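Asks: After the structure tokens below, expect a handful of questions from me.
The values are calculated or read from the model by the stated rules, or taken from the named source; none is laboratory data. Source: prediction; values computed, not measured. Quick reminder, even Gly has a Cβ in these numbers, built from the backbone with ideal geometry, and neighbours come from all protein chains shown.
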Amino acid sequence: MSLIKSISGIRGTIGGKPGEGLSPVDIVGFTYAYCATLPSRKQKKAGEKYKIVVGRDARLSGEMVENLVVGTLVSCGVDVIKIGLASTPTTEMAVTFAGADGGIILTASHNPRQWNALKLLNDRGEFLTAAEGEAILEVAAKGEYDFAGVDELGHVTEHDYTDEHLDAVLALPDVDVDAISNAGFKVVLDAINSVGGIIMPKLLERLGVECVKLNCEPTGDFAHNPEPLPANLTDLSYTVVKENADLGISVDPDVDRLAFICENGEPFGEEYTLVSIASYLFERAAKIAEAENISLAEVTYPYNPVSCSNLSSSRALRDVTEQFGGEYHAAAVGEVNVTTKMRQTKALIGGEGNGGVIYPAIHYGRDAMVGVALFLSNLARKEMKVSELRSTYPEYHIAKNKIELSDKRLIDKILERLKQEYASEDVNCLDGVKISFEAARKWVHLRRSNTEPIIRIYSEAPTLEEAEALAKEVIAVAESVIKNGI
């Protein structure tokens, strides 16, 4: 059994003893703590109830967890808008659609079927800050409760916000519905037996795209490992070729991550989901700026011609941004860190290299529906095959490694030694240590795990061999510290 409590929520495997797995006791306690801290995030008039949106993915434990969460909210005197089976971005947007004071998403994202989680939102439908998350953890740790009396109980209403979400996606100026419809695309969709099988076919239908469904029944009994990585998408690749489709689309169980398969069955590359969409937006803006003889910033207003991603995401985003006159900024790992940086810079586009696209023109959250609509708009306008489109972007490869330690106190020593060893290079200490070798167009990023005595190592270079060699180089330095203690 596993239970992980963090500033972004609580996740774990279903069952077991309280504190060891995601038990009913833990679910109730954490939901109560979220309610107890509501006044610190938003003040209400005396006698006015708080209103919280609750949405969930289709995993097997979803209904049970939903019942516990909704019941706890009601017992805390909070009104609930239950939206049922809904993607994470739909739940986020429902908070603002409903004018709610927050939201709770019941999903363990790409984790396997035995996992579930509570992800917590503020009144903007965005993840809580680190300080707000810490406050909830403190209340939950006390285990003290004070529930509402019978006359103060909350009430439950139900509403499906799928159509409102899709309306907002299709209304975006950069989504070219006519071009997509006229292109006559045929796609294969792998929705991993979750809520993507509900919302994504509706989006594709409204875009005039023929959809071949694969694992689209929202049973929660995942057909394969739910993380949208090439090793888990072999059936999708096979079906794309068999059906003579233009591309394959894969989403994770809560539909905030997105990956594509080319028409030849080859992976487009999860890192390149964001890269391709950013390139489309910046190229389009640059052409308008040139045609109208105005600045790029005037075209992108009220946003700046800026892109953002986390430190472990591909350099390709920076390359395509600068290619069209934009500016790139990096954030610490974690969606809330990326959205914070995006707000600070008024970025046009941002996200994470795991296939997470954040487009603030609609909302500050990863959204696969937005990603698909923008990607297909670009593909339709360019009249290219997906593999041809992929070849237009800078070529990079990422290697992922880790160092397991018996003593986590060595982590700081290892990171400090690496800063000294590579002091002549571009060293970024925003989140762990990232060393960039600009002339060679490669980098390596080392950061501590929040839950284990592990240093995660991401390295990127123009070839996978170079990326692996760079990882081995820094691992050798780390091993020297482990062996000698300095």
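Asks: What is the residue count in region 437-486 for residues that are crowded, with 19+ Cβ neighbours inside 10 Å and of a type in the set (G, A, S)?
Replies: Final tally of qualifying residues: 5.
Asks: While we're here: Taking only region 44-77 into account, find how many residues are part of a strand (DSSP E or B) and polar (S, T, N, Q).
Replies: 0
Asks: Still on this structure: Could you pull out the residue among S181, S237 that is within 21 Å of Y272 (Cα to Cα), in a helix (DSSP H, G or I) and of a type in the set (S, T, Y)?
Replies: S237
Asks: Give me the residue from region 214-241 that is in contact with a strand residue (DSSP E or B) (Cβ under 6 Å, 6 or more places away or on another chain) and hydrophobic (A, V, I, L, M, F, W, C) and, out of that set, farthest from V65 (Cα to Cα).
Replies: V240
Asks: P394 is checked against (1) at pLDDT below 95; (2) of a type outside the set (A, V, I, L, M, F, W, C); (3) outside any strand (DSSP E or B) and fails just one. What number does that condition carry?
Replies: (1)
Asks: Now for a different question. Restricting region 208-241 to residues that are more than 21 Å from the chain's Cα centre (by Cα) and among the charged types (D, E, K, R), which is farthest from V175 (Cα to Cα)?
Replies: Result: D221.
Asks: Right, next: With the structure loaded, tell me whether A191 is within 17 Å of S377 (Cα to Cα) and in contact with a helix residue (DSSP H, G or I) (Cβ under 6 Å, 6 or more places away or on another chain) or whether it fails that test.
Replies: No, not satisfied.
Asks: Shifting gears a bit: Can you tell me which residue is nearest to the chain's Cα centre (by Cα) among those in region 136-165 that are under 20 Å from K51 (Cβ atoms) and small (G, A, S)?
Replies: G154
Asks: Taking F147 as meeting all but one of (1) assigned by TED's automatic domain parsing to the domain that holds A33; (2) surrounded by 19 or more Cβ atoms within 10 Å (Cβ to Cβ), write down the number of the exception.
Replies: Only one criterion in (1) assigned by TED's automatic domain parsing to the domain that holds A33; (2) surrounded by 19 or more Cβ atoms within 10 Å (Cβ to Cβ) is unmet by F147, namely (2).
Asks: Sticking with this structure for a sec: Looking at P253, P226 in this structure, which one is surrounded by 18 or more Cβ atoms within 10 Å (Cβ to Cβ), assigned by TED's automatic domain parsing to the domain that holds N182 and modelled with pLDDT under 95?
Replies: When all the criteria are applied, what remains is P226.
Asks: Give region 348-386 a look and list any residue that's in contact (Cβ under 8 Å) with a residue 12 or more places away in the chain, more than 24 Å from N310 (Cα to Cα) and charged (D, E, K, R), or say none.
Replies: Result: R381, E383, K385.
Asks: Looking at E383, is it under 30 Å from M200 (Cα atoms) and among the charged types (D, E, K, R)?
Replies: Taking the combined requirement at face value, the residue satisfies it.
Asks: Filter region 393-423 down to residues that are without any contact (Cβ under 8 Å) to a residue 24 or more places away in the chain and of a type outside the set (A, V, I, L, M) and give me whichever is farthest from A467 (Cα to Cα).
Replies: Residue satisfying both the conditions and the ranking: R409.
Asks: So, one more: Take the conditions in a helix (DSSP H, G or I) and either buried (at least 17 other Cβ atoms within 10 Å of the Cβ) or at pLDDT below 95 (or both) and apply them to L166. Does it pass?
Replies: For L166, the condition - in a helix (DSSP H, G or I) and either buried (at least 17 other Cβ atoms within 10 Å of the Cβ) or at pLDDT below 95 (or both) - is met.
Asks: Please find, among K400, K385, the residue that is of a type in the set (K, R), under 22 Å from R318 (Cβ atoms), surrounded by fewer than 23 Cβ atoms within 10 Å (Cβ to Cβ) and within 27 Å of the chain's Cα centre (by Cα).
Replies: Answer to the check: K400.
Asks: Between G265, G248, G269, which is surrounded by fewer than 22 Cβ atoms within 10 Å (Cβ to Cβ), over 21 Å from K341 (Cα atoms) and not hydrophobic (A, V, I, L, M, F, W, C)?
Replies: Going through G265, G248, G269 in turn, just one is surrounded by fewer than 22 Cβ atoms within 10 Å (Cβ to Cβ), over 21 Å from K341 (Cα atoms) and not hydrophobic (A, V, I, L, M, F, W, C): G265.
Asks: Oh, and also: Here are some conditions: (1) assigned to a loop (DSSP other than H, G, I, E, B); (2) not assigned by TED's automatic domain parsing to the domain that holds G196. A245 meets all but one. Which one does it not meet?
Replies: Exception for A245: condition (2).
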